[in-house]
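Everything below concerns the one structure shown next.
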Amino acid sequence: MKPHEAIEAQQRKPLLTIDEQISHLKEKGVTFDSYTEEEAVEYLAGRCQFFKVTAYRKLFDKRVGGEKDGQYIDLDFAQLKYLASLDRRLRDVLLPITLDVEHFAAARLLNATENNGEDGYAVMRDYMEAVPANRRKYIENELEIRSSDAYCGAIIRKYREGMPIWAFVEVVSLGTFIGLCKFYADRWGDDELLASHYLLKKAKSIRNASAHSQCILNDLSESGPSERVSPAVARAVAECGIGKRLRSKKMRNPRMAQIATLFYQYSRIVPSGSTAADRKDMLSEFFHYCDENAHVLPESNPAVSSIAFLRRLTLGFGLID
């Protein structure tokens, strides 16, 4: 057996049946006091896969030494189930917020195009000529693939020989749009647009995680690689009235830093109106759900302090009252 095959064999884990999953959890010290084994079987069979619900075990301490070495301390299955539900609700709130930011960022770019006296067709020709050949090929392939799409294909086919900027922003990916912002920020010397370019990168990460149902709350450690935060975001978070110690602790986590950046950008770019009111209602409902279930997790759990941190951010940025 080759070395890499030996490593893969060691890392490979067997597929467990539902009953084996329950037994495995019990071996790890997980109890079924608040949520019975029978209820857990039904939940794992049809509502949430084992791999996802057990991802939140990271938020609980393990015993060190003794007969129960390595087992989780005071972890009930009901807490894992609650965290999975809480995470899903958070993703359901964050995804439309990222889409709003993308929408209004595009509106601002088009407005800046007009304010700078640009021709919508010529400015796109300049962009395509300026980008490196490999990047231009990527964009052309992206448009070709999307040309048969049921939603944006007609636009691409209509402007195949020369696409204006207002059509381009409607049919390309967020990643391509972010690159477009950088090009025009440099072209016009627009510092605000340049800042938006960097902030949109954070929104993209959250949008992808939320859209693909990736866990957010399962890893809230402060020991991993830090997320670079712009000075403007750091100042804005400080102005939310969050103590320096807690602020520093939470912003060391990449996920919390990205969400803080998203909230900051939302507060700057989305105008008051029905859209902002809808997000306010969604955020308020999310925090109400947290309050109703505050008894499920101990106050020492990282998820509790992280949700409190996010609540302080939304209040400080004026996203909720």
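Before moving on, here are some points about what is shown:
- Net charge contributed by nearby residues that have their C-beta within less than 15 Å of GLU285 (K/R +1, D/E -1): 0
- Neighbourhood net charge (11 Å Cβ-Cβ; Lys/Arg +1, Asp/Glu -1) for ALA40: -3
- Distances between placed amide hydrogens fall under 5 Å for ASP76 paired with THR31, all partners being 5 or more residues away or on another chain.
- In this structure, the residue pairs whose Cα-Cα separation is over 25 Å, taken from LYS81/LYS202; LYS81/LYS201; LYS202/LYS249; LYS62/LYS250, are LYS81/LYS202; LYS81/LYS201.
- Prolate/oblate/rounded label for the stretch 193-246 (Cα gyration tensor, a/c 1.5): oblate
- Note on LYS137 and ALA238: the model spin-label points, each 7 Å out from Cα along the C-beta direction, lie 4.7 nm apart.
- Whether the stretch 91-134 is rounded, prolate or oblate, judged on the alpha carbon gyration tensor where a/c under 1.5 counts as rounded: oblate
- The stretch 100-116 and the stretch 148-188 have Cα centres spaced 13 Å apart.
- Over the chain, dividing the summed -39,500 (n - 2.57) contributions of all DSSP H runs of at least 4 residues by the number of residues returns a 222 nm mean residue ellipticity of -21000 deg cm²/dmol.
- Binning all Cα-Cα separations of the stretch 83-219 at 10 Å, short to long from zero, yields these whole-percent fractions: 11, 37, 34, 14, 4, 0.
- Candidate membrane-span-like segments in the chain, meaning DSSP H helices with Cα atoms spread over at least 24 Å of their own axis and a Kyte-Doolittle mean of -0.5 or above, are 77-115, 191-211, with no membrane implied.
Here, each number is a calculation from the coordinates, and none is a lab measurement. Computed from a predicted structure; not experimentally measured. Note that we place each Cβ from the backbone using ideal geometry, even for glycine, and neighbour counts take in every protein chain shown.
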